[in-house]
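Structure first, commentary second.
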Amino acid sequence: MTEAKPRRTRSLGGCKTCKRRHVRCDQNRPICQTCSGLGLACEGFSYEMLWMPAKKGQTSRRPSNEKRGYLTSLGIRRHLYSEQYRRSMGTVISKGLVSGSIEASLEEIDQRSQEPSFMYKNETRVGPFAVLHFKKTSSSAGGHTGLALERPMNSIPTPDSNHGIGESDLSSYPVDIPGYADDLLQWSDLFGEDCYGMFSDPSCDPGNHFDFSQYNDTNPGTALPLEDASLQSLHFPQTLPPIDILSHASFLLKNFQKNIVPQMTVVPLAKSPWNILNVPAALVTLGELMIMESESVSHARQANLYSLLACSAVHLAMDSPTATIGSFPRNHWKEVSEQAYQDAKTHLKISLSEETAGARKAKLKDQLMAIYGLTEFAIFSGQYMDARRYLVDAERLLRFRALSKHRISQKLRLLINVYVWLRLIGESTYVLHSYTPTDSFIDNLNMHCEVQTPNSGDKFTAEIAERGRRIDDFLHLENSEGDLNIDEPKDHRMDVPDIHLHDSRKSTGSLCQQVYGMPETMLSLVSQTTRLANVMETLRNAQSLDIPISSHVWKALRRRSTRLENVINCFRNRDLSLDICKEQTSPYELMVQALNSSLVIFFYRRVRQVHPGILSGHVDHVIAALRIWLSFVKEGYPVGLGTLWPMFISGCEATTQAQRSAILDIVDQAGAKSRFEPFQTAKDIMSKQWKLQDEQQASNLGNRLSTWVDILREQKIWPMFC
């Protein structure tokens, strides 16, 4: 029996010079580094397409020596695209046709090109066909300034927003649209249009939930009707030659581990989940792609790899404009980050479409890691609505595949807690809900604010367990008094399903401390405050519209507000016994004090809506703690984005010039160590609010001052500080 020949390991896409010299080419375009390092003239890369004979068996009839020469003259046979990618392209093209007809599509695009509005568009597109308007001047297209990454033209339905992350009508905000085109998981195909009720209608009947049990991991043969559903936004290869991203992978992964992982938490950790899970998985994937040349790597694992490379590249792209990093200018890393992001996004879409169930099912951990990597990139680059879509899809995936498990492993527990941190801190600054009261919302609120009974605690536990099957919109409250007893243990039946920490009691198996270095109690109180503020905002709108609200609802909400206020202040006072001026005070204790004081400020801003001057003492305490904390941060050591949350929450309440200058100085110092977009975003929002408040105080004494909540709603933006 003849032994199988070893698989070829040489490069098949090298430049002409390296091929002639029979040396390995790094395939860097337009000039490979192998030729450049030796001072040779790189003759470039060829893209010759040679066709095989039409008859299948034609070459087999030639003599062996003639056959070898004949095949050599044809060159190396390679697939232009994989079979899977070609199928995806065919599906996308066919779905884009009008009525499934090429003739109808061409007729439609011909009609559109004759409309007057065509003169003001760069192109008119119908499915795979497009008409360019070459008479349009380049100056009318506008330009991009700054380092914000460009988004695909179809990622946002309308370009009305000045910030590129929203629309003119809050009621039609992208995330609240059931079948939004850029959503990764088209769950309306799986469960019907009502699946999105929790996002499209804040008053969705809590009784209308989805039974995920029939699709859990114990039934691997169940096939989901998700095929090609999320490929509608699939991007085709760019016109320009793509960058060989994997040739930079080693350098980018080192930068990710050294400079970016520390920024994904609040305080430095010995080993974060990113070091435990994402980075090792990316290294294995890279080895399989580059060394083993494996073609069986799942799309989920490739999405994780490319998302980390995108995060690292965008970090390098935000360095000094004149800096040269890794022998490449800053603009090169910007292009790398954009391409890696699109590659990761495409792989994730395919994974969520084809690898969620069935024979090709990917590991849940791989899919979650990929989603979190893309979320972090979106946060780093200021594409916050992309981040929101990823987090919503992470929640769907958790409820679909994780919460149905009988046993949650420690690694999966880590990934769940990563989601908890990102989602809860992100929701705390998301104020773009509709807040429009509906009859069903009022009815549900009346039901949940009924008088407490001896069995209300058991009823609350059952409701939380049942709610584990639904998508959460943070626009509802639960009915329980015991959920705020922060020193009591949490019921084990609701420990895992409570991924948004409705219950502030102690978890029996939380790994929050290992994920972001903060107590889970602090995060649960942020969640409770966010929910209460959203419900009360909706009720204020109902009051202004003269919608009757039952008296027991107001009593229950006042009781809830008072109870939450007492718990937050007691939780904060536990750490006030520490003297922040003592030399032995640790950086961890300082950050905990800053976070807890910011939590108090957050409650009084969102729930009580007090005058900023009343919070002056709390602002001073946060400033003092952060100043000393910054002195502990080593030179050149990156600062976590989570530290920006207390800076922003307290800074927005600064009323004196001394407080404002101190906060700006702290944000500047932290931003210089991080270099990511959210720090500049926080500064812009605070500066605009301060200016507006000063103008209002000078002209309208006694009236309510604008806050950061008003600024975000007016500008239709959503900053994330996590």
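Summary of computed values
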quantity	calculated
Contour minus Cα-Cα distance for Ile102 and Glu83 (0.36 nm per residue)	4.5 nm
Exposure proxy order (Cβ contacts within 10 Å, fewest to most) of Met720, Met292	Met292, Met720
Angstrom value of the Kirkwood radius, inverse mean 1/r, which spans all Cα pairs in region 245-428	16.6
Descending Cα extents along the principal axes, region 580-722, whole Å	46, 30, 25
Packing-based order for 521-533, 23-35, using average beta carbon neighbours within 10 Å, highest first	521-533, 23-35
Net charge contributed by nearby residues that have their C-beta within less than 14 Å of Ile102 (K/R +1, D/E -1)	-3
Potential extension, Asp665-Gln697 segment - 0.36 nm per residue separation minus Cα distance	9.1 nm
Pairwise label distance in nanometres, Ser409 with Cys570, each label 7 Å out on the Cα-Cβ vector	4.0
Under 5 Å, built H, 5+ apart or other chain: amide partners of Lys506	Glu488, Lys490
In nm, spacing of pseudo-spin labels at Ile291 and Asp244 (7 Å Cα→C-beta vector)	1.9
Whole-Hz couplings from phi, Karplus 6.51/-1.76/1.60, listed for region 360-369; x for Gly and Pro	9, 4, 7, 5, 4, 4, 5, 5, 5, 4
Positive-end residue, region 245-428 charge dipole about Cα centroid, Cβ charges, pick of Ala362, Ala249, Gln302	Ala362
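Values quoted throughout were computed directly from the atomic coordinates according to the rules given, and no laboratory measurement underlies them. Nothing here was measured: the structure is a model prediction, and the numbers come from that model. Ideal geometry is used to build each Cβ from the backbone, glycine not excepted, and the neighbour counts take in all protein chains shown.
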